[in-house]
Amino acid sequence: MAKNLNIEVSPLSRVEGHGDLVIDVKNKKVEKLMLRIPESPRFFEAMLVGRNWTEPSHITSRICGICSVAHTYASIKATEAALGIKVNEQILKLRKLIFHHECVQSNTLHVYFLAAPDFFGAGSVVSLIETHPEVVNIALRLKKMANDMVRIIGGRAIHPISTVVGGFTKLPTEEEMYQMKDMLKAAYADLETSLKVLKTLKLPQFERETEYLSITDKKDYALYDGDIKSSDGWIIDGKDYLSKIKEKVVEHSTGKHCWASRDAFMVGALSRFNNNFDKLSDNAKTYAEELGLKAPCYNTFMINIAQFVEIIHCIDDSIKLIDELMVSGLDENKAIVSVKPKAGRGVGVVEAPRGLLIHDYTYDADGKIEKANLIIPTNMNYINVEKDMAAYLPLIIDKSEDEIRLAMEMLIRAYDPCISCSTHFLNVKLVNN
Amino acid sequence: MSINTSNSTEDFIAKANYKIIGFGNIYMSDDGIGIRIIEELRKANFSDIFDNVAIIDGGTSGIDLICTLQESDKVIIVDALDAGQNIGEIVKFKLNEVSEFSGRKIKSFSLHDLDLGEVFNLMKSLNIRPDITIIGIKPKLVDYGEKLSPEIEKKIPEILSRIKQEIIK
């Protein structure tokens, strides 16, 4: 192994969106390591100003094709909080149901299509078809099931249209509710097969304890709603996020970097698992145990396993939600509540598949946005990704350049970064001097 | 607000012979051309004029495109792409002609999880082979913005015309 690294990887494939990573190693010492974000999410914040209260959820759903439901609900919740709207239990349960399936859609995409090729030594999902066709076919079936769930409840598989401020413009039929339950039950065989395959994976052993942030709830494994919880021992109402979460624009990046109790924190599936393990379904807990995932877990590579465990939980909980909704049947009179614009500020906090997502809107008396602040999970993770890489690189510095390149890519991909929320064009450069 | 409990639209999409899928992000300037075309087709009640045609906003999710294509016979995909043509120039080709274009570096500008090239490779490997026609225009600007460049905007009628020609063929 040379003392200096001279590796250039461009682009870092299989990460949504684009960015720059620079690593500078001299005499086996990491001299420089940073993630550069050449563009800013400020565009969307600026674009929201002056918009009527009916518009932000549709606009922000387009920020990301993968997290469109999460942006839709962070936006709807911010608007409802600002306008003082309370929705009923039926609306809440339907929202949780559709929300679960963006998590299934996204986690499936990441675990099976974007991360699995690394762990099976296939260069891409296309190569994975040759070596592990069953994995690709399971992924497509799970993806289709989750897409169908989102389409039935939300009107469209991508960028759902029937879920709006105040409730739903269209409800699923009774037949569709039972159809969804059948689809969910049919997924278990594939999950069982996936478990057997995932048990054969050998994930890198790399631990770096950090602060884990997620939302939390007394009853649910919080995805749609909850207070913000830190593994460092505090819980706050989402609307008070600025009291704990700090953000700044750093010199080498126009994306915002965030920190809370320490100099870095992690958001996403592993943070949710660490903070809310006891709220997972019993079945999901069993899967976690089978796969060696125990809370608290400090191995970043286990994010992939936490995502799989969440798929199990979402399917289990969806069946429970459908059963609860069908006890009395869906009531069209409770599909939507009336909305009157008024001045006020509202914060919507949800768990996007990649982690905590915050929309903060201030409305004027006519129901038009005066100010908007969006904090996306990928931005929250940036400092932690850099710190992970700085800690991991010295451990593998004696490996070959190819191995180091792959290991670094896998570490970044474990975070499931969705840089397209904030930017485009990803080039990764490992520069030695 | 009225509540529609019918699922007729979804049934229609599932049964339609022809699917027209627009791809892209309307907030990334010219990358939004595919979605703008879908909006124009909806405004023109295109599905009413042509029987068995479903109009689909594909957003930016490449992997979801595979799920849609799995259930399709004939598909027209509209996207911003660079097949080596000039800015604003429209190209039309069948997916099975793509190997002929590979030397010309077809590149999608969309912010997809898997780009169009990866999606098509995956489809071939999975033996998902609907009849796919791709209509693409080379964008001038792919950056944050709500508007199409004038050079791209003025080509909307021509793209719509090409779609009609393809369907009545």
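Each value in this text was obtained by applying a stated rule to the coordinates, not by laboratory testing. Note that the coordinates shown come from a computational prediction; the quantities given were computed from them, not determined experimentally. Cβ coordinates were reconstructed from backbone atoms using ideal geometry, including for glycine residues, and neighbour counts include every protein chain displayed.
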Within 10 Å of each Cβ of A:329-340, how many other protein chain Cβ atoms are there on average? 1
Which value at 222 nm does the protein assembly as shown reach when only helices count, each DSSP H run of 4 or more adding -39,500 (n - 2.57), with the total divided by all residues and rounded to the nearest 500 deg cm²/dmol? -12500 deg cm²/dmol
Rank the residues A:W53, A:W259, A:W234 as a footprinting-exposure proxy: fewest other Cβ atoms within 10 Å of their Cβ go first. A:W234, A:W259, A:W53
Within chain A, the percent of DSSP beta bridges that are antiparallel, given to the nearest 5, stands at 85
If you average the sequence gap of Cα pairs under 8 Å that are 6 or more apart and divide by the length of chain A, what percent do you get for the contact order? 32
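Fewest to most neighbouring Cβ within 10 Å: what's the order for A:L33, A:L109? Provide the component values of the computation, followed by the final result.
Values: A:L33 18, A:L109 27.
Result, fewest neighbours first: A:L33, A:L109.
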Determine the shielding of peptide B:62-71 by partner chains: average, over its residues, the number of Cβ atoms on other chains within 10 angstrom of each Cβ. 5
Label B:E89 and B:E166 with points 7 Å out from Cα along Cα→Cβ: what is the distance between them in nm? 1.9
Once both axes come from the Cα atoms, what is the angle between helix A:377-396 and the longest principal axis of chain A, in degrees from 0 to 90, rounded to 10? 20
Given points 7 Å out from each Cα along the Cα-Cβ axis, report the A:E130 to B:E146 separation in nanometres with one decimal. 4.8
Counting other beta carbons within 10 Å of each residue's own, what order do A:E134, A:E45, A:E175, A:E80 fall into, fewest first? A:E175, A:E134, A:E45, A:E80
Largest fluctuation, A:M326, A:M145, A:M380 only, Gaussian network model of chain A with Cα springs under 10 angstrom, belongs to A:M326
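I need to check one value: relative contact order of the stretch A:94-197, counting alpha carbon pairs closer than 8 Å and at least 6 residues apart, in percent. Please report the intermediate quantities before stating the final value.
Details: 85 pairs, mean separation 23.3, N = 104.
The normalised contact order for the stretch A:94-197 reaches 22 percent.
Set the Förster distance to 41 Å, then compute FRET efficiency between A:I161 and A:V327 from the Cβ-Cβ distance, nearest 0.05.
Computed FRET efficiency for A:I161 and A:V327 comes out at 0.90.
Using the Kirkwood radius built from alpha carbon pairs, what does the Stokes-Einstein equation give as D for the protein assembly as shown at 25 °C and 0.890 mPa s, in µm² per second?
Details: Rh = 24.5 Å.
This corresponds to a translational diffusion coefficient of 100 µm²/s.
As an exercise, use a Förster radius of 35 Å and the Cβ-Cβ distance of A:Y178 and A:L92 to find the FRET efficiency, rounded to the nearest 0.05. Could the numbers behind the result be given before it?
On the way: r = 21 Å, r/R0 = 0.59.
With a Förster radius of 35 Å, E is 0.95.
Compute the Cα gyration tensor for the stretch A:42-381, then decide on rounded, prolate or oblate, letting a ≥ b ≥ c be the square roots of its eigenvalues: rounded whenever a/c is under 1.5, prolate when a/b is larger than b/c in the other cases, and oblate in all that remain.
Working: a/c = 1.73, a/b = 1.21, b/c = 1.43.
Oblate.
Residue by residue through A:298-306, how many Cβ atoms from other chains fall within 10 Å of the Cβ on average?
Details: counts 0, 0, 0, 0, 0, 0, 0, 0, 0.
Other-chain Cβ atoms within 10 Å of each residue's Cβ, averaged: 0.
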Taking r as the C-beta separation of A:D398 and A:V197 and R0 as 30 Å, the FRET efficiency to the nearest 0.05 is 0.45
